[in-house]
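In what follows, a structure is listed as structure tokens, so that the remarks can point back to it.
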Amino acid sequence: MAALRNGLLLCSNFLSSSTKFAACEFQQIRKYIGRWMIRDIKRRKMAKDYAEERLRLLAMKRNTILPLEIREEINQQFDKIIPRQTALRQLTTRCVLTSRGRGVVYRWRLSRIMFRELADSNKLSGVQRAIW
């Protein structure tokens, strides 16, 4: 068992130190996570945690059939219980590789720069360069 573990360790060290292996080039794509990405991840987690209660209170708050006193009470409860950072409008689409906030291709969650780079090097499945 120890010999197998040592063999796997040697193989993984060889692969990590070598850039060319079996006529294939391994390219490292670095993930840049800045403060904006950390903030966005935190907001997404909060939005997920509060989504059900937020939807319930918001529907009751906007309901015109309920009396005005009940809607005002729900509005006060909404402001006390639900944080503002849980609003879906505050979530920005960011590139998962570079955390760039602008020019994000929504379907792949990549910025236009990374999308083109990966599409040109044929690393995105289902994406083909336009030829005409």
*asked:* Tell me the net charge near R84. Cut-off is 11 Å between Cβ atoms, R84 excluded, with +1 for each Lys or Arg and -1 for each Asp or Glu.
replied: +2
*Spin-label pair R56/K42, simplified geometry with 7 Å Cα→Cβ offset, distance in nm*: 2.7
*asked:* List the chymotrypsin sites (Phe, Trp or Tyr not before Pro) within the stretch 92-129 that DSSP assigns to loop and that have no more than 11 neighbouring Cβ atoms inside 10 Å.
replied: Y106
*Past 27 Å, Cα to Cα, is the threshold; run K48/K123; K42/K80; K45/K123 against it and keep the listed order.*
K48/K123; K45/K123
*asked:* Just to verify a number: what accessible area does R43 come out at with the full protein assembly present, 1.4 Å probe, Å² rounded to tens?
replied: 50
*Projected onto the charge dipole of the stretch 56-132 (+1 at Lys/Arg Cβ, -1 at Asp/Glu Cβ, origin at the Cα centre), which of A119, L68, T98 gives the Cα projection farthest towards the positive end?*
A119
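The values are calculated or read from the model by the stated rules, or taken from the named source; none is laboratory data. The model shown is predicted, which means the values in this text are computed figures rather than measured ones. We place every Cβ from the backbone using ideal geometry, glycine too, and count neighbours over all the protein chains shown. The protein model used for the area step is the full one, side chains on, heavy atoms only, and it has no ligands, DNA or RNA in it. Shrake-Rupley method; radii C 1.70, N 1.55, O 1.52, S 1.80 Å.
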